[in-house]
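The values are calculated or read from the model by the stated rules, or taken from the named source; none is laboratory data. Only a predicted model underlies this, so the values are computations on that prediction, with no experimental measurement involved. Here the Cβ positions follow ideal geometry from the backbone for every residue, glycine too, while neighbour counts run over all protein chains shown.
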Ligand code: LLP
């Protein structure tokens, strides 16, 4: 720890720190738990840093993208087009053209109108891309409302009823190859029972499609497995065993049907921390503010989703524990990391680590208030 603190003190704060050893262990655990060799596509939106991607690629994972630029980034980082799936409710013509030209594995299509556009563009190019339909299963993922995607009021996917009604129309499109269905009910799901509910719905919908003469060689169940934000040290590796077992035990796969997953947070969440320095402290009534140099521009999750990330004072050796509101410098009242967090007595210059920031940390950073963008550093 002393050595690390010395190293950290030489880097300009705030910065992201990635422990690649944690990432390696997570990838190893994922591999061991995936006994059936299901296809796992890493959700690039969680973290797109080159050293992180290199390890994920070496572990043999495919990639899940949500924009043309993400597809480009994945290919530039060594992933094969055949490993790429492309989702998103609002794919532009330019993105569709680019992905068709690259020959990606599959489009996860979110509306009939989008399918018509893909069919038309593919036809003009004399191509026949693979497509999977994203179905909104109307299931409650039991997570924060802003990261729930599989309920009726969400913009994602289409209902199974609409898909059933559209079967003939889909079959008549000659420039697409319908290879399966796709689901993703939400993110940071910690109750495994929610995935069991998803399996039950998938089985129902799948038999409806088979009855209507649709072949489904691929089934993609998305991602969403949560991590333990409050205990990143002892719970650094998510329970991939329980996760995969839930699908193995509850899904009725068709003969030779391939099962695909799209995991993001559970792979990269625990390997990253945001390292920041205490600038000032002040009191207002009973509240003691600890003002640090990182803010919501570096890590948006607390401001956007009321997310809690564990914070640690790396420098203080005080045994006096104090309750603080840990806040950033941005001119917004929502620029708060933790309300009422208990830390050893802290002072100007102390280094604070905001943990579990490897997923949806850097990829969501921005330069509001014309702030500098935090840089990334790695353990090796
Ligand atoms: N597949 C699809 C279609 C998705 O939309 C997502 C995430 C994933 C897979 C990966 O989900 P994961 O395994 O990482 O939960 N910014 C939010 C999370 C947004 C997730 C968006 N979609 C946060 O910081 O919590």
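Pull up segment 145-170, narrow it to residues that are over 23 Å from residue 200 (Cβ atoms) and in contact (Cβ under 8 Å) with a residue 24 or more places away in the chain, then point me to the one that is farthest from the chain's Cα centre (by Cα). Walk me through it before giving the result.
Going residue by residue through segment 145-170, those that are over 23 Å from residue 200 (Cβ atoms) are 146, 155, 166, 168-170.
Cutting the leftovers down to in contact (Cβ under 8 Å) with a residue 24 or more places away in the chain gives us 146, 155, 166, 169-170.
Values: 146: 13, 155: 18, 166: 30, 169: 33, 170: 30 Å.
Only one residue fits best here, namely 169.
Would you be able to tell me the number of residues in segment 10-28 that are surrounded by fewer than 18 Cβ atoms within 10 Å (Cβ to Cβ) and either closer than 17 Å to residue 239 by Cα or modelled with pLDDT under 95 (or both)?
3
Got a sec? Which of 120, 127 is more than 18 Å from the chain's Cα centre (by Cα), farther than 24 Å from residue 154 by Cα and not in a helix (DSSP H, G or I)?
Details: 120 fails: not in a helix (DSSP H, G or I).
Testing whether each residue is more than 18 Å from the chain's Cα centre (by Cα), farther than 24 Å from residue 154 by Cα and not in a helix (DSSP H, G or I) leaves just 127.
Keeping to segment 131-163, report how many residues are part of a helix (DSSP H, G or I) and touching a helix residue (DSSP H, G or I) at 6+ places or on another chain (Cβ under 6 Å).
Within segment 131-163, the subset part of a helix (DSSP H, G or I) is 145-147, 160-163.
Now narrow it down to the ones that are touching a helix residue (DSSP H, G or I) at 6+ places or on another chain (Cβ under 6 Å): 146, 160.
Here the count works out to 2.
Collect the residues in segment 133-164 that are away from the ligand (no atom under 16 Å from the Cβ) and either crowded, with 22+ Cβ neighbours inside 10 Å or at pLDDT 90 or above (or both), keeping them in residue-number order.
163
Among residues belonging to segment 68-88 that are touching a strand residue (DSSP E or B) at 6+ places or on another chain (Cβ under 7 Å) and in a helix (DSSP H, G or I), point out the one that is surrounded by the fewest Cβ atoms within 10 Å (Cβ to Cβ).
Let us first name the residues in segment 68-88 that are touching a strand residue (DSSP E or B) at 6+ places or on another chain (Cβ under 7 Å), namely 71, 74, 79, 83-87.
Next cut, in a helix (DSSP H, G or I) only: 71, 74, 83.
Values: 71: 23, 74: 27, 83: 20.
That would be 83.
Confirm whether residue 33 is closer than 18 Å to residue 232 by Cβ and surrounded by 15 or more Cβ atoms within 10 Å (Cβ to Cβ).
Details: closer than 18 Å to residue 232 by Cβ: no; surrounded by 15 or more Cβ atoms within 10 Å (Cβ to Cβ): yes.
No.
Tell me, please, whether a residue that is on the phi < 0 side of the Ramachandran plot, touching a helix residue (DSSP H, G or I) at 6+ places or on another chain (Cβ under 7 Å) and in contact (Cβ under 8 Å) with a residue 40 or more places away in the chain can be found in segment 274-287. Full working, then the answer.
Of all residues in segment 274-287, those on the phi < 0 side of the Ramachandran plot come to 274-284, 286-287.
Filter again for touching a helix residue (DSSP H, G or I) at 6+ places or on another chain (Cβ under 7 Å), leaving 275.
Subset that is in contact (Cβ under 8 Å) with a residue 40 or more places away in the chain: 275.
There is at least one residue in segment 274-287 that is on the phi < 0 side of the Ramachandran plot, touching a helix residue (DSSP H, G or I) at 6+ places or on another chain (Cβ under 7 Å) and in contact (Cβ under 8 Å) with a residue 40 or more places away in the chain.
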